[in-house]
Every structure is written in C-alpha cells, then in structure tokens.
Number of protein chains: 2
Amino acid sequence: MGAGKSRQTGTSGRAKVVIVGGGFGGLYAARGLADAPVDLVLIDRQNHHCFQPLLYQVATAALSPADVAWPIRGILSDQKNATVLLDTVTGIDTARRVVETAETSIPYDHLILATGSTHSYFGNDDWAEAAPGLKRIEDATEIRRRILLAFEKAELARDEERRRRLLTFVVVGGGPTGVEIAGAIRDMARHTLAADFRNIDAGAARVLIVEAGPRILPAFNDTLAGYAKKALERMGVEVLTETKVIGCDAGGVDTEGGRIEAGTIIWAAGVVASPAGVWLQAPMQKNGQVRVAEDLSVPGVPDVYAIGDTAFVLQQDEKPVPGIAPAAKQMGSYVAKLLSARVSGRPLPGPFVYRHRGDLATIGRKSAIVQLRRMRLTGVSAWLFWGAVHVFFLIGTRNRVAVAYKWMWDYLTLQRGARLITEPAQPRTRVEPAEEERREEEKATRLGTRSAD
Amino acid sequence: MGAGKSRQTGTSGRAKVVIVGGGFGGLYAARGLADAPVDLVLIDRQNHHCFQPLLYQVATAALSPADVAWPIRGILSDQKNATVLLDTVTGIDTARRVVETAETSIPYDHLILATGSTHSYFGNDDWAEAAPGLKRIEDATEIRRRILLAFEKAELARDEERRRRLLTFVVVGGGPTGVEIAGAIRDMARHTLAADFRNIDAGAARVLIVEAGPRILPAFNDTLAGYAKKALERMGVEVLTETKVIGCDAGGVDTEGGRIEAGTIIWAAGVVASPAGVWLQAPMQKNGQVRVAEDLSVPGVPDVYAIGDTAFVLQQDEKPVPGIAPAAKQMGSYVAKLLSARVSGRPLPGPFVYRHRGDLATIGRKSAIVQLRRMRLTGVSAWLFWGAVHVFFLIGTRNRVAVAYKWMWDYLTLQRGARLITEPAQPRTRVEPAEEERREEEKATRLGTRSAD
C-alpha cells in the first residue's frame, strides 16, 4: 500500500488528466487515453457506470440492476494509467488547477467534465417526490417499487375510486424514455400481472403519456411518430399531447386540461445539466449546459473540456448536438484523441463533428421504431433491431448473454423476472424474552441449529 | 373487479385456510393444498419469496436479488384456490378466529403460522446497526454496500491505521452462513478486487470468523469441520473459536479475548423466532418458538398450526428439528396433507416425522463439505455437488439457467457481476459513528449534487 498515486502523478513527469463522471462520455474519454503518456484519474460518486438506455427495463422489472450497471473500477481495472476514485466533486479551482472533492483536492493538467444531467421539473422541485425521474439505478428500483406496490394496494383497496386511482399510471413526457416506460407498464399489466391478482383486473390498468408538445417522439419523423402513437393506443396507452402539466402530488397530476387522479407518476420530461458550469462560472445555456468551443474546450478556462450532456455545442446545421449516449461517446473519444495529440506534440485534430447514427425507440412487445440515415423500420423488425443494438452496446460478454437470455425467456413466457418490492433495511419487530433466559437458550441452540436457510 | 374474495370465502362453503408467511414452510403448505377443497389466503409483508441459502451470494456480489427471490404472487398465480395478500399481520384473535392485519381482518377456519425467524443479538439489539445479519434481500444489499464501500474508503484513506481497520471484516458466528460469507469475502478480495485498486492491496484484506463455541460448523462431524477450518485458513480466513463477542460498534468488535478493530461486521450468530407465539399467547421456548404438538398444531388453540422456524418440535431422538429449509418444507407439506385429509373427511396422517437429508456448506472457490447419510464429500466434488443441489432447488427454470450461467462465468473469469453500491431509498436511522467515520460516510455517499452517471 502506498500514498495515493493520484496525488503523486506530478513526480512522474506525465501529464495529469482528471475526468469527472463515469458515464458514457467519461468512460470513452478514459479508454481513448489508455495508450497516451498520461496519468489519469476518473472520479465518480457512484461506484458503477449505468447503461441508461435500458434503465427503464429495471424500473419495469424485466432486468436486474446488475444487468445494466458495472463497477467503473472493474471496467478500467486493466488500464494501468487509470485510477478510479469514488468521491464527490464539490468545486473546481481553475486558478490553482485543482478539483476539490469531499475527500481531497486533485491537481490536473487537463480536466474533462462529463458530469451528465438530471431531471428538470421546470422550477417545481417540489414535484420530485410525487413524480420521480429515471436517471440512476436507485431511481429505477424506486419506480419499480412504486409500480408494483400500486397493484398490491389496489388488490387490498376496498373502494372503487381508490382502486381506480391506484391503477392509473401517468408518464409525463413523450420522448423515447416516456414512450418506453409507458409501453412497458402496459405490457407488464396485460401480460405478466393479469393472472396474478384475484380482486382486481390488473390488465385494465390505465397508462397515460402526458406531453406538452404537439406530438410525441419529436426526434422522429411524422410517419414513425404517428406509427408509435397508434401502436401505443392499440396497446391501451392513452396519449395526451399539447397537455401541459401544472402540478404533481401524491394523488395525481394537474394539467391545463384538468386533473388526472393517479397513484403513480413518472417524470420523463426535461433534463438539466449538472453543476459543472457553476463550478467553472462559464457561459451556460438556460438548462445549465456549458457552451463549449468547437474543440469542446471551455472558453476562457484553460485546459478544461466539457462533454456529453454537460456540453452545449452546435452541429454543422446549427442544431445542438443531442443529449444521447452516442453523442457523449463521440465527444469522449474526440477529447481523448485531442489530448493524446497535445501531450505527444502531434498535430491536433480538427473541430468536433457529431455523426448522428439514428434514433431508436421501443414501444412494447414486438414493436419499435428505427430511423437511420437510409433506413426506416417499424414493428417486429424494428424491435429485433433495437434488441440487437442494445445487447451489442452492453458492456461485457457476461451481461450480453444474460440480458439476451432474460429477454428471450420473458418473451416466450410473458414473465418478468425481477418483480421485487424491496425496502430500505429497518429493524423488525420480534419477541423480547428476558435477556438472561435468552442468552442461556441461545447458547444451547445456536450451535446446533441454523437460520432458516 | 369485485370485492375481495378472501372476505367472501365463507359463502363458498369451502374451508378457509390462512397461511402467514411465504417462506419455504408457507409455500410448501400452499402448494400442498392446491387440490384440496379449500379457499386459501397467503399473507406476507414482502411481495417475494427469498431463497435464503443463496442470500450470502447477493451480499458478496455474485448474484442479483432477483436471482434468489421470486414474487409469491407469480409462484401461486396458477393455483386458483389461492389468494396472495401483501400485508402485515398485527395479531390473531383466536376467539373470533380472525387474523388482524395492518389493512384488514381475515377470518380463518384453519390457520398456518410460518413466520420464520430473525437474527438474535442475545439481548443486545443496539449491536444491530453495527453488525447487520442476513435474512432478507434488503439485508443482503446493505451488507454488499458495506463490504464494497469499505474497500472504496480504504482506497481513499490517508492513514495506515484507518486503512487497516477498513480492510478488516469480522463475521460473528461459525455456522454454515458465517463460513460461507467469510469465504466469499476472501475470494472476492483475492480474486475479483485485487487488480481494481491502486492505493491498497485489496487481496490482503483480513477476514475473521469469531465463534463462541469450541469449533465451527457443529452440525458436521469433526473430520469435515476440521477440513473446513484448514481450507478457510489456507484461503486466509482467520478462525477464532471459543471467543465470545461482548460488544459491536462502528469501529470494531469487543471479545472476551480483546478488541478487533474492523470496518465491517456481519452477524451470523443466533436466530430468534418471529412473534407468532406472542400473538397466540401459546407456550414458547425461550427463543420464541411455539411448542407444537406432534401434528404441528398449537396446543390449546384450535385449528392453528405452527411450522418452520416458528415451531419447536422434537425428533424421535429427542433433539429439536433444526431450523433449516428442508425441515420447513417438510412441515409445510405435512400440514397441507393433514388439512386436506381433515376437510375431506379422510383418515388423518400419523405424527410429523422429520427426515434429515444431510448438511452442506460451501467454503469458497472449488471447496465445500457435504455430509449425507452415507456419503461424505470434501473439496471440488463437494463444491460441484453443492452447486448442483442449489441450482436444482431454485424456483423456476429461468433462474436455474441464469444462476448456473453466472456461476460458470464468474468461475472462469474470477469476476463477480453484481458489484453495485446502491443507496437505500430513504435515509436510515443509525447509531452516530465517531465524527471521522461520519464525515467519511457522507463524503462517500452524499446526495447533494448531481450524480455523475
């Protein structure tokens, strides 16, 4: 054991690169620097990288957390120039070139901010408790708990009004995440849960998408978005467009068009960038994204880069680069290439150019939409394509095989294998025999018996 | 949707059987009554049945919660005479023949109590926070969080003494659970984590088993227990016998032989029965077990049965039936047979006879001990036998294949696929640790700013 290498890198004479965030952007930056003559520290306050595109499948009980999350430490374990720290960044001192964390301060020669985004309640943070969003593993298991518990409470409910409210699920936001989670809840209600209950008709659960804009899935063309809307409606999902949410509470959603009584609300509407821009006091968009230069550096702050959801950068066509996984990966790889060139004195690459590969969204069992440059798919073929792409992009063969296997199994059996309601651990009530007696008894029995396992 | 069937069963003219608890005993009782002319309600406060023999593998990051837990509703979904309620029993009115729950009251003609057991701290319940036990899924993910966080904190720690404390893991209790978890922590430290850290030597983590009795694994014969002790020691686990624990706190364990500074303590020592006996005001053992008659009925309380860890019953040889899964299953099946006969007017079976099949315990990678009636196995053959038996007894083909696949994969790669540190959904009450500990904890897990995933 030695003192932290991260604090010693100055002595190696190699450039110190600090990456904040182990999402797609941060990881691709780290991997891209594997062969560069740098010492690199990746800081994240979670110990795992989360594959967000499949997080909704954890929230709807199809996959387990460990299927879509991997320890960052494990991913970079073989990369000898990389150190991983589980720590929380509290600020950046750009004058001293130091990242301040809860635990320590880490000097940098080059700093990459890949801190991602979180849900935005458009200034109404008090809605958060009633309408959780879906960004982290903990969010997914909490939403899973709420969905499954709603059915359980409905089964126990004695009046019809309460039962109806408990069996109503509102998804706020009609982007891919909103569509995917709404479809998955309907699928689960219709196929998996329908036979499980005795007092309620689980298959009749209402699922609504509430979207403020004129149509759902604005990233897709009219035909595909229209197809998705029809497919959702065939599954029994109600799609409300041009319906602005003006309130969320434990009993339902208030919209400009009236109130919807609902036991479960899921927020899939807006995102806001993490506070990297605040740390830097750099020029920001309203949503908190740092306006970066065409090489993704932060103007006026030497040797600092922002990538992924943290960064605001325009494409050739003057539209912003979207906040999706492929964009974050491309930015991470670009900055790695740029820094490799800088530290080696090689010619620098040209400006960052985003290449949009396409858009995918799954709707439900055997239904999805795919919009690539020259290809449009709907229905089963789109669904299979979607599945293949997501399995391909998962990290690690173990997870690829496990996820593919679970999907196949669930497809064939209509089951969902992770229907667990788990609570935070808390003390349980138990018998309290007199202490003396119990000690005696324990002595006598504990060696011979084993807990109910 | 109709009113609760469970409250209407009186009108069907069929006997109403209520089962409290969805563990091995309760489930086997329910399944055994599938063809009986009864209406049956199974109540559990968890929505899932947990396969406790593999819970330690969740705690040590080898398996996911959903690999060892299944929704009770799903298991009984096809059993048309069964209704499942997610509810908490608060008491039993034996005069009115009603089970009182948090939500309702449920009348019974026959009542089966299969409420299991929980860990016992020998009257020192204040040790619970520092030394969690392993009974529920939530316990397992909490222990997993503590183990993984200990390595993370050690990686950040600046003084050697603190680092040593964080890399010391104490398991209290030398029964099968204690042995299995201690072995798995050493395996994880040596094989999985050794390459992941830069500042610490994860492979050097100390793991101790502290056992009050003269030797570990008292259910096994001397030869096998001695083999297990040697195997543990070869793996680097320190085994302390005749060492009584007199205190547990956030910084370590006090024993009669002195203090052991440790960052993580796991309780695998004693169990105490759930409060079924208190509900009934029936004669109990000092550990809370209800003393049942030879047909598992509760003396003096008509039509009430206690099974599994809740029940105290002697074998032919005057030793108590052990608190293990096979015993709970046998009692569940027995009571189901008895009640089927009773409601059909068929001759009743004779007294309950427990058949002990044997004892198994895994020690670590390629090492286990097996003691059957005519067979003793150690080493690799015992390990393979142990694995085959556990896969066989898992519920559902999906889980059998998934678990077998994960084991094979982890065996070949030395990885563990579920190394996630996740937060409880809500703040938990805890014993206030020393100031330094508390600051450390906050740093590692703060929720203030946006997570960088």
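The table below gives the values:
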{"item": "Centroid-to-centroid separation of the range B:235-259 and the range B:355-380 [C-alpha atoms, Å]", "result": "27 Å"}
{"item": "Other protein chain Cβ atoms within 10 Å, averaged over every residue that makes up B:410-421", "result": "5"}
{"item": "For B:ASP159, label point 7 Å along C-beta direction: distances to other copies, nm", "result": "6.2"}
{"item": "Alpha carbon centroid spacing (whole Å) that separates the range B:77-116 from the range A:138-201", "result": "25 Å"}
{"item": "Buried area at the B-A interface (accessible, heavy atoms, 1.4 Å probe, summed, Å²)", "result": "10300 Å²"}
{"item": "Heavy atoms of A:THR241 accessible to a 1.4 Å probe, total area in Å² rounded to 10", "result": "40 Å²"}
{"item": "Distance between the range A:387-421 and the range A:15-71 - C-alpha centres, whole angstrom", "result": "20 Å"}
{"item": "Cα gyration tensor, the range A:203-251 - rounded (a/c under 1.5), prolate or oblate", "result": "oblate"}
{"item": "Average partner coverage of A:69-78, which counts Cβ from other chains inside 10 Å", "result": "6"}
{"item": "Residue among A:THR413, A:TYR334, B:LEU134 farthest towards the positive dipole end of the protein assembly as shown, charges placed on Cβ", "result": "A:THR413"}
{"item": "Sparsely packed trypsin sites (Lys or Arg not before Pro) within the range A:25-92, loop by DSSP, other Cβ within 10 Å at most 13", "result": "A:LYS80"}
{"item": "Calculated label separations, A:LYS80, copies of the chain, 7 Å along the beta-carbon direction, nm", "result": "6.8"}
{"item": "Average beta carbon contacts from partner chains per residue of A:267-277, 10 Å cutoff", "result": "1"}
{"item": "Cα→Cβ-extended label distance, 7 Å offset, between A:ASN221 and B:GLN281, nm", "result": "7.8 nm"}
{"item": "Exam field: A:VAL401 pseudo-label spacings to other copies (7 Å along Cα-Cβ), nanometres", "result": "1.3"}
{"item": "Shape category assigned to the protein assembly as shown from the gyration tensor of Cα positions, a/c cut at 1.5", "result": "oblate"}
{"item": "Exposure ranking of A:MET235, A:MET375 by accessible area [1.4 Å probe, largest first]", "result": "A:MET375, A:MET235"}
{"item": "Where trypsin sites (Lys or Arg not before Pro) fall in DSSP loop in the range A:317-374, at most 16 other Cβ within 10 Å", "result": "A:ARG355, A:ARG357, A:LYS366, A:ARG373, A:ARG374"}
{"item": "Size of electric dipole in the protein assembly as shown: Cβ of Lys, Arg +1 and of Asp, Glu -1, about Cα centre, debye, nearest 20", "result": "2840 debye"}
{"item": "Whole-percent carbon and sulfur share, accessible surface of the range A:125-269, 1.4 Å", "result": "47 percent"}
{"item": "For the range B:173-329, the Rg and Dmax computed from alpha carbons only, in angstrom", "result": "19.8, 65"}
{"item": "Surface per residue (accessible, 1.4 Å probe) for the range A:125-269, Å²", "result": "36 Å²"}
{"item": "Summed residue charge, Cβ within 10 Å of A:GLY257's Cβ, Lys/Arg positive, Asp/Glu negative", "result": "-1"}
{"item": "Overall form of chain B per C-alpha gyration tensor (a/c, 1.5; a/b vs b/c)", "result": "prolate"}
{"item": "Helical mean residue ellipticity (222 nm; -39500 (n - 2.57) per DSSP H run of 4+; nearest 500) of chain B", "result": "-9500 deg cm²/dmol"}
{"item": "DSSP loop GluC sites (Glu not before Pro) with at most 13 other Cβ within 10 Å: longest gap in chain B", "result": "B:1-241"}
{"item": "Cross-link pairs B:LYS286/B:LYS319; A:LYS80/B:LYS406; B:LYS135/B:LYS337 - those with Cα-Cα distance over 18 Å", "result": "A:LYS80/B:LYS406; B:LYS135/B:LYS337"}
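The values are calculated or read from the model by the stated rules, or taken from the named source; none is laboratory data. Values in this document were obtained by computation on a predicted structure and should not be read as measured data. All Cβ positions, glycine included, derive from the backbone under ideal geometry; neighbour counts span all protein chains shown. Heads up: the accessible areas ignore ligands, DNA and RNA and are worked out on the full protein's heavy atoms, side chains in. Shrake-Rupley method; radii C 1.70, N 1.55, O 1.52, S 1.80 Å.
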